[in-house]
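Working notes, beginning with the structure itself.
The values are calculated or read from the model by the stated rules, or taken from the named source; none is laboratory data. No experiment lies behind these values; they were computed from the predicted model shown. Don't worry about glycine lacking a Cβ; one is built from the backbone with ideal geometry, like all the others, and counts go over all protein chains shown.
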Amino acid sequence: MKSRGPYRRHSTQFKLQLCQDIRSGVIGRRDAQRTYEVSANLIQLWLTQFDRGELNDEEAEASVIAEYEARIAALERKVGQLTMELDLAKKTPRLATAGDSERSLIVTGPRPALSDGVVK
């Protein structure tokens, strides 16, 4: 048996579709185990929930909506962070680049006198 690593989470839609397929005879339990690499106990648990009516379309929609809301919240946080960084960048004075027409130095003082090329 392969090592699967961390626990996997299956969407309610997946569970619902798999249970409907098993109950309608489209796929058998063992075929579902092999195809989706899901344990027999987990399939039995899902089928029990399905038979009780605990897996339904409303719950599937609610889980999808919850996933979307979590994604929206994460994106809103990212937009807020980027907005703050942009505001900070706008407030920070821009340093002159080498391509600027005027020379801008951090330390200013009198300009050096031009020499005639003779060093004393």
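Within the span defined as the range 24-45, every residue fails to be in a loop (DSSP other than H, G, I, E, B) and touching a residue at least 40 places away in the same chain (Cβ under 8 Å).
Within the range 61-120, being at pLDDT 75 or above and assigned to a loop (DSSP other than H, G, I, E, B) holds for 92, 93. If only residues of the range 5-23 that are over 16 Å from residue 41 (Cα atoms) and part of a loop (DSSP other than H, G, I, E, B) are counted, the one that is modelled with the lowest pLDDT is 5. For the range 46-60, the candidate set comprises residues that are over 26 Å from the mean Cα position of the chain (by Cα) and part of a helix (DSSP H, G or I); within that set, the residue that is surrounded by the most Cβ atoms within 10 Å (Cβ to Cβ) is 46. If you go through the range 48-72 and keep only what is touching a Leu at 6+ places or on another chain (Cβ under 9 Å) and either within 13 Å of residue 22 (Cβ to Cβ) or among the hydroxyl-bearing types (Ser, Thr, Tyr) (or both), you end up with 49, 50, 55.
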